Structure formats: structure tokens, C-alpha cells
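A short write-up of the structure that comes next.
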Amino acid sequence: MVATVKPQSLKMFRRFTLLLAPGLLTIATSLTLVSCTQENQSPTNQVSDTQTSKIKTKVLRMGYQQAGDLVRVTKVLEKRLEPLGIKVEWAQFAQGPQLMEAMNVGKIDLGNVGETPPIFAQAAGAQIAYVVGRRSDGRRSAIAVPPNSPIKTLKDIKGQKVVFQKASASHYFILRALEQVGLNKRDIQVLSIPNVDASSAFLEGKIPVWVTGDPHLARAEKLGKARVIKNAVGLDSPGGYYIGAKQFAINNPELLRIVIEEIDKIERWAQTHPKETAKLIAPYQKLPPDVMELFISRRGYGLRAISPDLINEQQRIADYFYKNALLPKPLNVREAMLTSEQYAAITPPTISQK
């Protein structure tokens, strides 16, 4: 079954952009919600039933980004939950900010985003909860230019038009990268465009500097259309997160524990089976095998429990945005956290505590 859901409200998403520096151009506000239930063969075996008497929903609404989602492709959640009477619905979004907006207006329950979107969502008043962390080593994100560009180093982007989506993980990346070479946001001209819309323009040579990630980056590299001047390796980012609607997370700890277990298992499998993973995702991405192999080779896998150290790391990111005048007031990320008892209830013992 495939269904398209039109957005009922973009008010919160517009509030995200109002939180940002006045000099930045308005972000594209398109929001695409596409429910997907395509079939594929899962590499995992059916696990034993789990006590679900306290689960307060019969439908789990998952959000995923345009870059794709291995959990959706392999249908591991459906295989685990549907025998328990819980249906899984999927909605696709261009990037993290659009996913967070949909969560705020009640369209989805859980989704995977980078470190930045939940900060701006919380600052705009969204009632969200950090559920579990995700690892990333930065290899799949980069600042890229056309191959024949006169821009040779990061310092050379001063005064240039730089394309990325505001309030996405690329936003933190570009600010930190600029800082490392003695520049700041006032030294560039920002055009805020989602990756899915910017990709074609970059391939046509119409974008001088692009802050992006896979699979768009991998495609541009394999087509010989991109030269990376810096990737995000070594960037002091805590990685990404699965974020949940706060009341949903509070009401359904047993369900979240099952979901985290299944995500953890399929990611562990993918980490040791890169070629099989590429074959699974390829039909959905519609990308050549060489692009898929590059994409999968630098895709980060592995979950992190929400710990005091991780909370402190995320707070540092929020403080950084405030210091750069991108938030109107200081933000306490702990207000979007669950209690230690609630995290103990949803986090399986197999999840790394570091």
C-alpha cells in the first residue's frame, strides 16, 4: 500500500526558520509524506514474542529520510510487530527538519535524524524525546565543489554561495568547518535548499559550494562531478538520534524496546555484510552498484544509549548554536530527555553505553 499524506500545517517548520540568523535565505518548506510498505527479504530470523499488554498503540508511524532506511527495506519491524497486532507505517522526508516538523504536527511517532534537527525542533516548541543515539564517523558528509572549481581549500569559500539545508546536520558541520579556518557564517552567502532539490543543480554546475551527504555525495563523486574539500571526519558531533514524539515515548516503553532491539540487530548485521546490504537497498535508491558500494562503505552503524555523557555532548551543540546567534535563547536539551528509569525500560542491554 502506498499513500500520500498532505501536510496539514507548516507553522512549526516556519518557526524553525525564524530561529535562524536573519541573513540566511528562507528554506524550502516542501514536506513530502509517502507511506511505504514495499516488500523485501529480511536477513534476520523471527525472534520470540514479547509481552505487549502495556503497549498503547496498534500503529507505529516511522519517519525516514530521502537517503533511505535499512530498517524499512528489510521490514524487520513488520516481522516482529505485526504478529503482535501492531501495524508499521512509513513516511519519507527530504531531510531531518521536515521529519521533525511532521512529528510536531502528529504525523509520525519515531524517526532518525542528525544531531541538529531536534535542537531547532525543541527550540520551536516541539514536544519530542531523544530515544537512542546513532554513531557516525563523518565520512558520509562533505563540503564539495565542482571538479574544475577555482576553490582549492576551505578558506577559499569566503564570499561564495554555499548551499545546505538550515537546521540540518550540515548546518552544524559548515559552522564548525568555517570556525576551524578562522571564518564564520557572515563570510559566506547561504542558500538553504534540501539535498534532494540541490542535487541536480550541483551536477549541472550551478552550485559553487555544496554541504551534503550520501547518497547524493556518493553519486556526484562517482559521476566525476564533485571534488571534496573537507569531510566531517573528526568533527565533534555526537552523531544522530532516533527521536520520538514525547508522549508516545512515555506511553510505549515496551514497544520502543522492541523497536530498538530490531534496529540494533539489523545494523549489526549490515556492518558485517556490506555487499548484501548494498544489494538490499539498491532497488529503492535506484543508484548504480558502484555508487551504492561507496554509500554503504562509509555509512555509520551502531546505536548508543542515551547516557549523561551523550546528553552533555548534545547540550554542547545546542550551546554552540546559541553562541552563534542561531537560537533566540539558551536551550536545555534535558527537557527533551526521558528519565533514567524510562531509558532503562526502553534500552536493551546489548546497546552500547558509550
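Considered as a group, the residues in segment 317-350 that are open to solvent by 20 Å² or more (accessible area, probe 1.4 Å), of a type in the set (Gly, Ala, Ser) and touching a residue at least 12 places away in the same chain (Cβ under 8 Å) include one that is farthest from Ala282 (Cα to Cα), and that residue is Ala325.
Checking the conditions here, which among Lys225, Lys206, Lys246 is among the basic types (Lys, Arg), touching a strand residue (DSSP E or B) at 6+ places or on another chain (Cβ under 7 Å) and at pLDDT 95 or above?
The match here is Lys246.
The residue that is nearest to Val59 (Cα to Cα), among those in segment 231-252 that are assigned to a helix (DSSP H, G or I) and open to solvent by less than 30 Å² (accessible area, probe 1.4 Å), is Phe248. Scanning segment 184-216 for residues that are hydrophobic (A, V, I, L, M, F, W, C), out of contact with any helix residue (DSSP H, G or I) (no Cβ under 7 Å at 6 or more places or on another chain) and either more than 13 Å from Ala94 (Cα to Cα) or open to solvent by 40 Å² or more (accessible area, probe 1.4 Å) (or both) yields Val190, Leu191, Ile193, Val196, Ala201.
Restricting attention to segment 266-315, and to residues there that are basic (Lys, Arg) and without any contact (Cβ under 8 Å) to a residue 24 or more places away in the chain, which single residue is farthest from Ile346 (Cα to Cα)? It comes out as Lys286. Among the residues of segment 184-215, those identified as closer than 20 Å to Tyr64 by Cβ and free of Cβ contacts under 8 Å to residues at least 60 places away in the same chain are Ala198, Ser199. Of the listed requirements (1) assigned to a loop (DSSP other than H, G, I, E, B); (2) crowded, with 21+ Cβ neighbours inside 10 Å; (3) at pLDDT 95 or above; (4) not polar (S, T, N, Q), Ala220 misses just one: (1). Taking segment 273-316 as the range and being open to solvent by 50 Å² or more (accessible area, probe 1.4 Å), polar (S, T, N, Q) and either in a loop (DSSP other than H, G, I, E, B) or under 19 Å from Pro118 (Cα atoms) (or both) as the test, only Asn312 passes. Filtering segment 77-98 to residues that are in a helix (DSSP H, G or I) and either more than 19 Å from Gly240 (Cβ to Cβ) or free of Cβ contacts under 8 Å to residues at least 40 places away in the same chain (or both) leaves Glu78, Lys79, Arg80, Leu81, Glu82, Pro83, Leu84. For Glu262, indicate whether it is open to solvent by less than 10 Å² (accessible area, probe 1.4 Å) and either over 19 Å from Lys79 (Cβ atoms) or not in a strand (DSSP E or B) (or both). Taking the combined requirement at face value, the residue satisfies it.
The values are calculated or read from the model by the stated rules, or taken from the named source; none is laboratory data. Here the structure is a predicted model, which is why all the values come from computation and not from measurement. Note: ideal-geometry Cβ built from the backbone for every residue, glycine included; neighbour counts use all protein chains shown. Heads up: the accessible areas ignore ligands, DNA and RNA and are worked out on the full protein's heavy atoms, side chains in. Shrake-Rupley method; radii C 1.70, N 1.55, O 1.52, S 1.80 Å.
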